[in-house]
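Report on one structure; see the data block that follows.
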Amino acid sequence: MLITRNSEALAVLSDPLRAPAPVEAGAPRGTLAWLRGQVSRFASGAAHAERRAAVTAVLDRLDPHVLRQAAARLRHEPPERVAVLVLGAALGVEDLETLAGQVAAAARGYLSGEADAEADAAVAELIGRLPIAELTVLLQAHAATGALLAAAAGRDLDEVLRDDPPVRVLRREGVEIDVPAANQDGPCLTFGYGPRACPGQPHARAIAEGWLSR
Ligand code: HEM
């Protein structure tokens with residue numbers, strides 16, 4: 001079912017029993033398919049709540065004001081590198097260049113589940129470097145923030161978030177929400193809503209504002 005009305009989208013997103021389609025269990029440890037089975041994004045119930053709390057604890061350590069300043073110093077960087085360079089540095093990661101390559105490779109199949117050998121190799125290296133909650137932050141931030149920065153250059157950020165959002169479809173089992181359509185007749189749903197709403201919204205906004213301040 002495709003949802004285009006804001007009120008219907010809010011009802012679906014508010015319902016804690018409506019989870020994203022579950023990922024397949026049993027993938028070998030260290031593959032992208034295995035990682036998708038460890039993160040909050042695709043989990044439901046108590047596992048979702050517990051993993052989300054761990055991600056929120058990581059995000060609470062990252063001051064959006066500091067992220068904004070760091071992003072402003074990276075104005076020369078292309079949009080798709082900014083989130084990982086800013087967040088990786090804030091998390092204290094050394095060798096940010098290697099991290100950026102690994103996150104980019106793993107992120108390509110993170111939402112879709114379409115893994116390849118390069119993504120699996122990147123995940124195997126990443127899980128040796130960082131805890132799952134920190135990897136969740138980097139993988140969630142990478143593509144969405146890159147797309148937001150690319151779309152927002154020279155435009156009004158709130159307008160882009162409402163009309164041209166980087167995440168265009170929100171999925172729950174059996175339901176797809178058309179985000180740009182639903183954003184037209186109620187509150188902006190670009191960062192989601194309810195128990196699974198994006199916990200990185202202040203961070204994403206700060207990075208965008210810093211990078212766009214030119
Ligand atoms: C610093 C950058 C970001 C971080 C750290 C981040 C982090 C996260 C995390 C951890 C989740 C999973 C929450 C859960 O499982 O309960 C999530 C979900 C989400 N994020 Fe972000 N995110 C970032 C940037 C963005 C951007 C730029 C957008 C769009 C403009 C976005 C839109 C969303 C949406 C829509 C969801 C919910 C998906 C759903 O309801 O199915 N995020 N984010």
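The values are calculated or read from the model by the stated rules, or taken from the named source; none is laboratory data. Remember, it's a predicted structure, so these values are computed and weren't measured experimentally. For neighbour counting, all protein chains shown are included, and Cβ atoms are generated from backbone atoms with ideal geometry for every residue, glycine included. Just the protein is used for accessible areas: all its heavy atoms, side chains included, with ligands, DNA and RNA removed. Shrake-Rupley method; radii C 1.70, N 1.55, O 1.52, S 1.80 Å.
From the alpha carbon centroid of region 1-80 to that of region 187-214 is 12 Å.
With protein chains left intact and a 1.4 Å probe, residues in the chain average 49 Å² of accessible area per residue.
Annotation: amide H of I3 within the under-5 Å range of E176, I177, D178, sequence separation 5 or more or interchain, hydrogens built in the peptide plane.
How much of the accessible area of region 2-212, probe 1.4 Å, is carbon plus sulfur, in whole percent? The nonpolar share, carbon plus sulfur, comes to 53 percent. The value of relative contact order for the chain, using C-alpha pairs under 8 Å at least six residues apart, is 33 percent.
Starting from the Cα gyration tensor of the chain, take the square roots of the eigenvalues, sort them a ≥ b ≥ c, and report rounded, prolate or oblate (rounded when a/c is under 1.5, otherwise prolate if a/b is larger than b/c, else oblate). The shape class here is oblate. Projecting label points 7 angstrom from Cα along Cα→Cβ for A46 and L157 puts them 3.9 nm apart.
Across region 192-202, rounded Karplus estimates of 3J(HN,Hα) from the backbone phi angles (6.51 cos²θ - 1.76 cosθ + 1.60, θ = phi - 60°) give x, 6, x, x, 10, 4, 4, x, x, 4, x Hz, Gly and Pro being marked x.
Sorting the segments 131-139, 185-193 by their mean number of nearby beta carbons within 10 angstrom, highest to lowest, gives 131-139, 185-193. Here the 3J(HN,Hα) profile of region 148-165, calculated from phi with Karplus coefficients 6.51, -1.76 and 1.60 at θ = phi - 60°, is 5, 4, 4, 6, 8, 4, x, 10, 7, 4, 5, 5, 4, 4, 7, 9, 9, x Hz, Gly and Pro shown as x.
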